[in-house]
1. If you stretched the chain out fully between Tyr19 and Ile101, how much longer would it get, using 0.36 nm times the residue separation minus the C-alpha to C-alpha distance?
2. Using a Förster radius of 30 Å, what is the FRET efficiency between Val134 and Leu92 based on their Cβ-Cβ separation? Nearest 0.05, please.
3. For the range 104-236, with the dipole built from +1 on Lys and Arg beta-carbon atoms and -1 on Asp and Glu ones, taken about the Cα centre, which of Phe194, Tyr119, Gly143 lies farthest toward the positive end?
4. Considering only Cα-Cα distances, which of the following residue pairs are longer than 23 Å: Lys138/Lys187; Lys104/Lys187; Lys126/Lys220; Lys14/Lys80; Lys29/Lys63; Lys104/Lys152?
5. Could you list the GluC sites (Glu not before Pro) in the range 73-155 that lie in coil according to DSSP, counting only those with at most 16 other Cβ atoms within 10 Å of their Cβ?
6. What does the charge count around Ser177 come to, taking other residues whose C-beta lies under 13 Å from its C-beta (Lys +1, Arg +1, Asp -1, Glu -1)?
7. Would you kindly state how much longer the chain becomes between Glu56 and Asn117 on full extension, computed as 0.36 nm times their sequence separation minus their alpha carbon distance, in nm to one decimal?
8. Pick out, in residue order, every one of the chymotrypsin sites (Phe, Trp or Tyr not before Pro) in the range 1-68 that is DSSP loop and has at most 15 other C-beta atoms within 10 Å; say none if there are none.
Amino acid sequence: MTTHEIEHMLGITKQALIYYEKEGMINPKRDENNYRNYSSSDVDILRLILLLRSMEVPIDEIKLILDGKLSIRKALETKKDFINKEKSELELVEQNINEYIQRKKVNIVFDNEVINNHYVNLNVLKDRISFLDVEIYKDEIIGIDVSLCCTKAEAGMYYGIYNLYFVDLDIHTGKDSYSFQLMNNLKVNDLFDFLLEKDMTVNDPMNIIDIYKTYQDPVKLSKYINQHFREWAELYHLDNPRDNFYTVIQKDYINPLKELKNGEVPTVKEQFKELDKLFVNKFKKK
């Protein structure tokens, strides 16, 4: 078969044919005009090469296979092990990326105030805002986005009954952006005052600052937001809801159980008792 016929039949380029020939993987004969003439054996080898390359088996290993020094199964098993290892590494990278860019749930505190609860503190100081080991200095901030989210469930709050609304805050600097979900609504107005007092550039298309200033009573605030949130969610692409009953149960109850050793797993009775503490007691509070 001619080079052109092989290219058309196998969907291979002329450059690839020349490369495989230089690597000694095929050895087509030449006709009286010095044109390559590929045999059925050459075609079979090329089919095998293309198959193995489609599974990203390295050329060096394919050459060993053709020389009878390595079995196809062994090469594919090695490749599979490599893929599984690479997949695990990529999943870890993805997990690290998600943990870095995910919106952090925080409580607003001022001047290193100590609050011990479920959330990490977003500490507002005179010249900066700090979170864990991150220091965001006022002079570095180039803009702040204010938005809202709705959730149906939150650790330490009523599960699946009421809509819970929280302010989202995205702080942008020249080198990074930091995303927060503000969990203590009672301190939100104080934070807004700080941002405005420091003359920071705040992007607030929903007029959330005005809403929080107008409706400072928590019940009236929640009622007003509840009346308008569905419309806002569609218009501004808000999370509605961000967390639901099942995701919170998975994160706060099921996942910790999976980390326990066999002897540490509580009995069914103990698990029901724990669920009772998580939910029933919360309903009694109302």
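No lab work stands behind these numbers, since they all come straight from the coordinates. Here the structure is a predicted model, which is why all the values come from computation and not from measurement. Backbone-built Cβ (ideal geometry, glycine too); neighbour counts: all protein chains shown.
1. Answer, rounded to one decimal: 25.0 nm.
2. Efficiency, from the Cβ-Cβ distance: 0.85.
3. Tyr119
4. Distance filter (> 23 Å) returns Lys126/Lys220; Lys14/Lys80.
5. On the way: sites: Glu77, Glu86, Glu89, Glu91, Glu94, Glu99, Glu113, Glu135, Glu140, Glu154; in loops: Glu113, Glu154.
Loop-located and lightly packed - Glu113.
6. Around Ser177, the surrounding residues sum to -2.
7. 16.9 nm
8. Tyr35
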